[in-house]
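Right, one structure below, let's go through it.
Just so it is clear, none of the values below were taken in a lab; they were calculated from the coordinates. Given the structure is predicted, the values throughout are model-derived calculations rather than measurements. Cβ atoms come from the backbone with ideal geometry, glycine included; neighbour counts cover every protein chain shown.
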Amino acid sequence: MPTGYTAGVQDGKITSFSDFAMQCARAMGACITMRDDPHDVEIPEKFEPSLYRKEKIVEIKAEIEEINRLSSDQIEIRAKKEYEDEVERIHSTLVETATSKARYTSMLHNVRAWTPPTSDHQGLKDFMIEQLESSLEHDCSNMERYYAKQLDELTILNAVEWRDDWLESLNKDLVYYTKEHEDEIKRTSDRTQWIEDLRESLKE
């Protein structure tokens, strides 16, 4: 039975070694971004790096410039808005958690009240109880503790703290995406070289 790579050999569409080698090159790391492309899409002469990281770098630099232009009053307004949004988000999550807890608890009561028709059905009852108790612990008790702690520790930052925190976070992101972009350029160059070397070898 032919594979996606040997089907062309079987049906006679691929007859030369070089064509078969280029077909199979798609399975190698150099062509990883082409793995979902149709097999008739040609491997390019040169791979281009993704623009995602480069665009992120531009966005981060623009945000740093914007923050540095903000006045203390503008920053305090932002800090207060972020605090209020976070409080609202936590309260909303706690309400959702309480709703889930009530549903789990109600169903658990129903399961515990159920008398299995035979001893062979006891395993089903035990399993249902275990599932509900596990969900109660992980979805409700743990989440309630986590968000209650978050709410307790939440504070409104002053202008200096907010600016320092945001700039520190953005500068970390800038370092990260700059390195990732440089690595992407290197990987793309290596992939292009790999294909060039392969094509050159197939000329012989």
> What are the ³J(HN,Hα) values, in whole Hz, obtained from phi via the Karplus relation 6.51 cos²θ - 1.76 cosθ + 1.60 with θ = phi - 60°, for each residue of region 36-45 in sequence order, with x given for Gly and Pro?
Replying inline: 9, 6, x, 5, 8, 6, 6, 6, x, 5
> What translational D, rounded to a whole number of µm²/s, comes out for the chain from Stokes-Einstein when the hydrodynamic radius is the Kirkwood one over Cα pairs, at 37 °C and 0.692 mPa s?
Replying inline: 137 µm²/s
>> For a distance above 18 Å, tell me the whole-number percent of Cα pairs in region 59-125 that qualify.
In response: 68 percent
> Which angle from 0 to 90°, rounded to the nearest 10, does the C-alpha axis of helix 52-69 make with the longest principal axis of the chain?
Replying inline: 50 degrees
>> From the phi angles alone, apply the Karplus equation (6.51, -1.76, 1.60; θ = phi - 60°) to region 163-173 and give each ³J(HN,Hα) in whole Hz, x where the residue is Gly or Pro.
In response: 4, 4, 4, 5, 5, 4, 5, 5, 5, 5, 4
>> Neighbour counts of other C-beta atoms within 10 Å: give me Tyr83, Tyr104 arranged from fewest to most.
In response: Tyr83, Tyr104
>> Distance cut-off 18 Å, Cα to Cα: go down the list Lys46/Lys179; Lys80/Lys172; Lys46/Lys186; Lys149/Lys172; Lys54/Lys172; Lys56/Lys179 and report the pairs above it.
In response: Lys46/Lys179; Lys80/Lys172; Lys149/Lys172
>> Using a 10 Å cut-off around each Cβ, can you sort Trp166, Trp194, Trp114 from fewest to most neighbouring Cβ atoms?
In response: Trp114, Trp194, Trp166
> Quick one: Kirkwood hydrodynamic radius for region 1-86, alpha-carbon pairs, angstrom, one decimal?
Replying inline: 17.8 Å
> Given Cα pairs under 8 Å that are at least 6 residues apart, what percent is the relative contact order of the chain?
Replying inline: 37 percent
> Hey, what do the phi angles of region 85-94 turn into as Karplus ³J(HN,Hα) couplings, whole Hz, using 6.51/-1.76/1.60 and θ = phi - 60°, x for Gly and Pro?
Replying inline: 5, 5, 4, 5, 4, 5, 4, 4, 5, 5
